[in-house]
Amino acid sequence: MNTFNTIKATVLVALLSTSAAFAQEAKTATASAAGGDIDKVGIAKKLANPIANMISVPLQYEFSRGVGATQGGSEQTLLFQPVMPFNLGGGDTFIVRPIIAGAREVNIQGATGQPYSGYGIANVTIESFYAPNTNSSWIWGIGPYAQSPSGNSGKFGSQQTGLGVTGVVLNRAGPWTYGLLGYQSWNAGGNAAFGTQNNLYGQPFVAYTTKEALTYTVNMEALYNYDTRRTSNPLYAGASKLMVIGGVPFSFGAGPMYYVSNTPGGPSGWGARATATVVILK
């Protein structure tokens, strides 16, 4: 319980302390952009880089099917995941990515045979990366990871607290950005009845950005649970467009996804994802 409260308090402090900064940065960025050009292609490339030195606030909506014991249910999730870089000097940065996940489930058939429909907060996650200046197109980052069930009833995932480490390595080669992001988490307490936090996550990704600031992306998000020995593995392919509205850069994207493999009761088959991101220029 102490670990849970600490993680939740950390997330709340981070979000509250940065909300005022986001508002001020956006106001400043709008004023400065009015007098000069914005590098839309450069911003689009940075959005494909999870440890870019740029403040962004993405919202991600996802629809999945084939959920539940009979695979007759559906699930919708909404992720709020601001990216907050901190300059450490000499080109080194420390990136913090708090992620709040909300979920809505419809007609989920459980082990008891009674279908369930409802919505709530699934979990709160903190990913962080120390990214040194490599003076190269290849960059990497590593840092602590934490996930809290945030009062989750068990309907939307594990009730355990997870602690671990995140890592990423990627290359930026012209219009291409490609690499691998992942984390390893371990159970740090909580009820294991609705799944554990003993997980290994790997996300290989590749993105191609055109001269029109249109980015095509393919990624695979494999999550392996050591206790069930099963992997949930959605494959996503989509496109996003970087636009400037009122002097502020926005990115809008969408695409289909398909579960190559899934855990018992988890999503299966086809689904879809859509994103909307506001970029706050310094």
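Rule-based calculations on the coordinates, nothing more; no lab input. The shown structure was predicted, so the numbers you read here are calculated from the model rather than taken from an experiment. Neighbour counts run over all protein chains shown; Cβ positions are idealised from the backbone, glycine included.
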Fill in: Estimated distance in nm for a label pair at residue 142 and residue 194, the labels positioned 7 Å out from Cα along Cα-to-Cβ
3.4
Discussion item. With the crude spin-label approximation of a point 7 Å out along Cα→Cβ, what separation in nm comes out for residue 276 versus residue 69?
Written reply: 3.8
Item to complete: Just subtract the alpha-carbon distance of residue 117 and residue 92 from 0.36 nm times their residue separation and send over the number in nm, one decimal.
Response: 4.4 nm
